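The values are calculated or read from the model by the stated rules, or taken from the named source; none is laboratory data. What you are looking at is a predicted structure, and each value in this text was computed from that prediction instead of being measured. Please note: Cβ atoms are built from the backbone with ideal geometry, for glycine as well, and neighbour counts cover all protein chains shown. Note: areas computed on protein heavy atoms with side chains; ligands, DNA, RNA excluded. Shrake-Rupley method; radii C 1.70, N 1.55, O 1.52, S 1.80 Å.
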Amino acid sequence: MKLIHIVNLTVAALIIFGCYMISVKKARQQTIQKSLGRVLLFSGFGVIAYTLAMIFSSRLLADIGYSAYHIILVAMVLALASFVSEYTGVRTLFSKELYVVGVLSLADVVILALNPFLHCVFRVAKTDDIIGHTYYYISRRETLYIYHFSLAYLIMALAVIMLIKKILRSPKIYKLKYAIILLIIIAVMAGHAFYVTMDSTFDYSIIFYAAVAAALFYFSIIYVPRGLMEKLMFFTVANMKDGIICVDIDGKVAHYNKTAKEYCCATDDGSDVSEYITEWFANNPEALTNDELTWKETRNINGEKCRFINDYKRICDSDGKYVGCFFIYHDRTKEYKRLAEEKYRSSHDSLTGLYNKEHFCKKASKLIKENPGTSYVIVCTDVKSFKIINEIFGVHRGDDLLLCMAGDVNSLAAEDEYVCGRLTGDRFAVCMNKDHYSEEALLGIASKFGNFFGEDVFKVQMHFGVYEVKDRELSVSVMCDRANFAIHTIKDSYQSVVAYYNEKLRDSFLSEQKMISEFEAALGSGQFIAYIQPQISAEGHIRGGEALVRWLHPSEGMVSPGKFIGTFETTGLISRLDSYMWELACIQLCKWRSKGLNDNYLSVNISKKDFFLMDVYGTLTSLIEKYSLDPKCLHLEITETAIMNIPEKQQHLISQLRDYGFIVEIDDFGSGYSSLNTLKDLYVDVLKIDMGFLEKTENTERSMKILRMIIELAKSLNMAVITEGVETDEQVRFLRECGCDVFQGYFFAKPMEIADFEEKYLSLYK
Ligand code: C2E
Ligand code: CA
Ligand code: CA
């Protein structure tokens, strides 16, 4: 019997280790393999320990063998419980008791390890089998054996509870595989209990370990419940968002899911899936010869327009024989909507919902191209100082204003015949039929929004630029630039609302741009020169004159200042030109002085912009110092409006300049609005009156009276008077009689080159 037992045990161990090897090979990647592997290894080692205990002929060794077997048994049941926990996913139950079980097991291991010496758990005895082979077996179980036994069963019981829980929770199809493992565990427990109670010399339940190992291995790693595949496929298809229809070899619908049904039955004729497929094959005969087809379709499903991309595919078996086909209906509605939204967002302005600039240009260009017989205008809008509106009233109110404007601008034209968009922040554009355009409508909008923030609070100034589309080949963006350009020409922003683009405007714009770009080089290469217009004293002496700039343009010849001063003033280049001119004047004065002409003077112009662009005082005084001049030689002409517009601090500058020694003159006196006020507040040396402003009046007599009064007034304020623009002998006589000190005008001489001036009027050159 001993031999038979040993053979049985060896076979069991081989089976167990065999299962272990296969499980390692088959399921290396699965986490379950590790915990199953531990169960198999412990049971294998348990069997080996039991076998050795039977083989040993020494009592002590047999004692140690059986103790080792019992220790491994504890490890095995722990591994089994851990495996079950992992396998079933019921973790909580085991983890809670883990600590207690661990301590109890440790105690059990200690007791068992001491057993060969203390015999506190069991004792072994010698026996002979029927053919006389001797071996040791567990002959007596002490009280602590109950502890060991109970612990092992407690752990097993935990595993059993986990399995039962899992079985109760699992879908029907999976119950079986857990139930089988449960049955195996219960069978082993029962077998062992039977052995213990039967007082047998051999524990037959150990042989079962092999069966348990094989069963655990099979059911946890190999076994797939019957029909599982089919059922999984069924549920997969049923749960797919795409519609699926499987058709057999005879064209009969074998299977389909809910989406497919909705798709096929979407038509009003109430056809079902089979009818739909039959009809589809009838309408698509090419399906019989093509392995694959893909097409797009839009269908109305549950009241919603749905977009589908559909696939048809023929299926063949491993021998290449046709076995059926399937249809997949991919619902792309969401993607389509997302794309449509993206497209909308990329072409529309998020605040007003109008087209953005790119899209406006695209649509307007299409409109103009598709209607060659219609005349169009492009109207662009602009709100003056919109940034200030945002600043004062907040961005929300600014947005409110833009929204209302967008609405009004959008309703300027008749439907379908126009395109409206928002170009940038406060700029809208409309491309509309010229016949529907009316300036009144624009004026109406401008006046409506004027009081948007209340009557007395802040006046919203809206300007419109209109470009009539004459050159249809131009890009709409350039057309908008032209309409916007017209807006820029609105100088008197309170009175004018609408401006029209014309070629002249463009030409002047272009020539302005040209001048600006040429300025630097012109200044560097001495193209700006000074002309002098002589000034004659009442006694008839000529000691100096006004230095007036001329641009000797290489291709355009001599350009008069009226053509460029304004542009240089708006671009800020004027300060560079003026300081250059002042220096020219100083160089000239220096030359004269070197020739002994110490009494001669030159009068230079100071632009109103200079006060904001540079340090006028510093520049002038350093020039005087550089050329060691008497500041009295340099007369400074500052226009009346410039003086009134410069900040208070700067007005102090006038007296500083006078204190330094310059002669300060108010230029163009009488051409501004507040001439008399200027006189009240400012102390200057000379009043320069322009004859031009008097010419405009019809009543010459009244003009003369005013002129006389002004001269008298100036005299009484201790100012000298220069009259410029003197053209006739009559004017000279009258002015002389009024007490005018100095004259400047064509009557005496036009502005001339310096050399001419020197030759004609300066004694040295005579
Ligand atoms: P302004 O300072 O009032 O200069 C007088 C202008 O009147 C000169 O025109 C002169 O040629 C013109 N003029 C003189 N006598 C008569 C006359 O009897 N009849 C008529 N009809 N006109 C006469 P110009 O040289 O074309 O200069 C025009 C304006 O350009 C000047 O007006 C001045 O405002 C500006 N300007 C000229 N040179 C400079 C400069 O160097 N710097 C600055 N900032 N402005 C300058
Ligand atoms: Ca002047
Ligand atoms: Ca003048």
* Asked: Can you name the number of the only condition in (1) open to solvent by less than 10 Å² (accessible area, probe 1.4 Å); (2) in a helix (DSSP H, G or I); (3) out of contact with any Leu (no Cβ under 9 Å at 6 or more places or on another chain) that residue 637 fails?
  -> (2)
* Unique match (being within 16 Å of ligand 3 (Cβ to nearest atom) and out of contact with any strand residue (DSSP E or B) (no Cβ under 7 Å at 6 or more places or on another chain)) among 545, 540, 526, 562 -> 562
* Asked: Does the stretch 71-87 hold any residues that are over 14 Å from residue 40 (Cβ atoms) and either free of Cβ contacts under 8 Å to residues at least 12 places away in the same chain or of a type in the set (S, T, N, Q) (or both), and which are they?
  -> 85
* Residue check, residue 119 modelled with pLDDT of 90 or more and on the phi > 0 side of the Ramachandran plot -> yes
* Kindly establish whether residue 525 is modelled with pLDDT of 95 or more, open to solvent by 40 Å² or more (accessible area, probe 1.4 Å) and within 16 Å of ligand 2 (Cβ to nearest atom). => no
* What residue, of 574, 606, 536, is more than 9 Å from ligand 1 (Cβ to nearest atom), under 19 Å from residue 667 (Cβ atoms) and open to solvent by less than 20 Å² (accessible area, probe 1.4 Å)? -> 536
* To do: Go through the stretch 584-603 residue by residue and tally those that are within 16 Å of ligand 3 (Cβ to nearest atom) and either polar (S, T, N, Q) or open to solvent by 60 Å² or more (accessible area, probe 1.4 Å) (or both).
  => 1
* Hey, among the residues in the stretch 611-634 that are within 60 Å of the chain's Cα centre (by Cα) and assigned to a loop (DSSP other than H, G, I, E, B), which one's surrounded by the fewest Cβ atoms within 10 Å (Cβ to Cβ)? -> 615
* Asked: Which residue, of 531, 501, is aromatic (Phe, Trp, Tyr), within 16 Å of ligand 1 (Cβ to nearest atom) and touching a helix residue (DSSP H, G or I) at 6+ places or on another chain (Cβ under 9 Å)?
  -> 531
* **Residue list for the stretch 302-320, filter: of a type in the set (D, E, K, R), open to solvent by 70 Å² or more (accessible area, probe 1.4 Å) and over 40 Å from the mean Cα position of the chain (by Cα)** => 313, 319
* Asked: What tally of residues in the stretch 30-77 results from selecting those that are under 60 Å from the mean Cα position of the chain (by Cα) and either under 19 Å from residue 140 (Cα atoms) or buried (at least 21 other Cβ atoms within 10 Å of the Cβ) (or both)?
  -> 3
* Asked: Which of (1) crowded, with 16+ Cβ neighbours inside 10 Å; (2) in a strand (DSSP E or B); (3) not aromatic (Phe, Trp, Tyr) does residue 167 not meet, given it meets every other one?
  -> (2)
* Taking the stretch 321-357 on its own, how many of its residues are open to solvent by less than 30 Å² (accessible area, probe 1.4 Å), over 30 Å from residue 431 (Cα atoms) and not in a strand (DSSP E or B)? -> 1
* Give the residues of the stretch 261-301 that are at pLDDT 80 or above, over 42 Å from the mean Cα position of the chain (by Cα), open to solvent by 50 Å² or more (accessible area, probe 1.4 Å) and β-branched (Val, Ile, Thr), sorted by residue number. => 278, 289
* Asked: Within the stretch 564-610, how many residues are within 16 Å of ligand 2 (Cβ to nearest atom), part of a helix (DSSP H, G or I) and not small (Gly, Ala, Ser)?
  -> 10
* Asked: Out of (1) surrounded by fewer than 20 Cβ atoms within 10 Å (Cβ to Cβ); (2) in contact (Cβ under 8 Å) with a residue 24 or more places away in the chain, what's the single condition that is false for residue 423?
  -> (1)
* To do: Give me the pairs, please: first residue somewhere in the stretch 136-160 and at negative phi and charged (D, E, K, R), second residue anywhere and assigned to a strand (DSSP E or B) and at pLDDT 90 or above, beta-carbon distance under 7 Å, and either six or more positions apart or on two chains.
  => 140/122; 140/123; 141/122; 142/122
* Asked: Scanning the stretch 696-752 for residues that are more than 15 Å from ligand 3 (Cβ to nearest atom), within 26 Å of residue 604 (Cα to Cα) and hydroxyl-bearing (Ser, Thr, Tyr), which turns out surrounded by the most Cβ atoms within 10 Å (Cβ to Cβ)?
  -> 728
